[in-house]
Amino acid sequence: MGLFAIGLNHTTAPVSIRERLTFGPDIVVGALRNLRDQPGVSEAVILSTCNRTEIYCCVREDAAGRVRHWMAEFHGLVVNDISPYLYHHAEDAAVAHLLSVASGLDSLVLGEPQILGQVKAAFQTANDAGHTGKTLKRLFQHAFNTAKQVRTDTAIGDSPVSVAFAAVSLARQIFADISKQTALLIGAGETIELAARHLRQHGVGRIIVANRTVSRARELAEDFDGYAIGLTELSAHLAEADIVIASTASPLPVLGKGTVERALRQRRHRPMFMVDIAVPRDIEPEVGELRDIYLYTVDDLEEVIQENLQSRQDAAQQAREIIEFQVSEFRAWLGSLDAVDLIQNYRAHAHGIRDEVLARSQRMLEAGKPPQEVLEYMAKTLTNKLLHTPSTQLRMAGSSGQQELLEAANALFQLGRD
């Protein structure tokens, strides 16, 4: 049985294809069972996220193509419809791919940490359902350990590479402890939701969501234990905010210099951190001229993001070196399995000979043979039986000029032959 990985991701397939090949939580266990029923498939894990669908399995060499056909047929598709979007990896390449995925090197956002949790969940589902064995259990644990090493030994996850994450990171630089701060989020779109998520993860004290549609603001605020207001209420609540992140679709600014000046007076000029992610801008540029205001635009954040992307690229090279080494470590473990099986078979063979000779010796004793004679018989017979096959093979190797086999035997038995 060999290792095999097949899949597609955000770099090889558009969302219109990816969405047709997903394995949702409600079907993945049944899919694993169905896949394991295919001839030649002994172990399997299915990883399915919004950006990728991948199958990792142990298969006979002649069954690898069958997995590709199964993947299409399970979703009611023709294999030729999905083949252009698929990638295949076998043995070391499959190991390297999983280690790269788990470490965030194959993600849409380089180094993002969420994928490791998704890989762990995929393995746990397959393992709980009984579809993993010795090889995949060891492989996935190896991937988890490698991802941890990449996070520990490189800076791949240290630098923000999304606008929302960059905004929150800057806020944390200005406020040493954001657990005591109030964040006002203006808008309720994807970027604002992501900013709210990052703020909550870093323990922000309070969240206010302001939006033109109050019901949408309320939905988002409830997810983060905040409270919602309409845009018309901004001036009444602005003084409460230490952190302001704005991203609306408004064609005109929603915060002007005069409104911010009044808020600063109410705050007794305690500093405010503002990030205007919107295009066109939500906050009048003149606001940045006010004392105690730290105003950043989306262009400012893009500079931070580009610097951090380069930092992650540098870290990614270090991560690839770690992965290359860990692939060789896993290969060595796989190789040791062959030796373990060989040792077990050889010992079983020797034990069989021992039991046979011992039984015969016991019958000799019961028949009244002298113990000395029985011991000599047992020692001689055991020696001859254990050495017969190796001696025959070595003699044949010598006569046919198989020098490598003779050298291997010398190294194996440590006979000191020069």
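Computed from the coordinates by the stated procedures, all read-outs in this text should not be read as laboratory data. Given the structure is predicted, the values throughout are model-derived calculations rather than measurements. Note that each Cβ is placed from the backbone with ideal geometry, even for glycine, and that neighbours are counted across all protein chains shown.
Where a ≥ b ≥ c are the square roots of the eigenvalues of the C-alpha gyration tensor, would you call region 335-413 rounded, which needs a/c under 1.5, or, failing that, prolate if a/b is larger than b/c, or oblate? Judged from the Cα gyration tensor, region 335-413 comes out oblate (a/c at least 1.5, b/c at or above a/b).
Remark: spin-label model distance residue 333-residue 219 equals 4.5 nm, labels positioned 7 Å along the Cα→Cβ axis.
Which order do the peptides 28-38, 165-175 come out in when sorted by mean C-beta neighbours inside 10 angstrom, highest first?
Going from most to least packed, we get 165-175, 28-38.
The spacing between region 139-217 and region 231-298, judged by their C-alpha centroids, is 20 Å. Computed from backbone phi, the HN-Hα couplings of region 22-31 come to 7, 10, x, x, 7, 10, 5, 5, x, 5 Hz, rounded to whole numbers (Karplus: 6.51 cos²θ - 1.76 cosθ + 1.60, θ = phi - 60°; Gly and Pro given as x). Stokes-Einstein diffusion for region 222-295 at 4 °C, viscosity 1.567 mPa s, with a Kirkwood radius from C-alpha pairs, works out to 102 µm²/s. For residue 274, what residues show an amide H to amide H distance below 5 Å, using hydrogens built from the backbone and excluding near sequence neighbours? Correct list: 244, 294, 295, 296. If both residues of a DSSP beta bridge must be in the chain, then about 45% of such bridges are antiparallel. Once the Cα-Cα distance is subtracted from the 0.36 nm per residue extended length, the residue 200 to residue 402 segment shows a gain of 65.8 nm. For the chain, the alpha-carbon coordinates run over 114, 48, 45 Å along the three principal axes, in decreasing order. Quick check on region 26-108: take the gyration tensor over C-alpha atoms, sort the square-rooted eigenvalues as a ≥ b ≥ c, and tell me if it's rounded (a/c under 1.5), prolate or oblate. Rounded, because the longest to shortest axis ratio a/c is under 1.5. Sorted on the mean count of surrounding Cβ atoms within 10 Å across their residues, most packed first, peptides 310-319, 402-411 read 310-319, 402-411.
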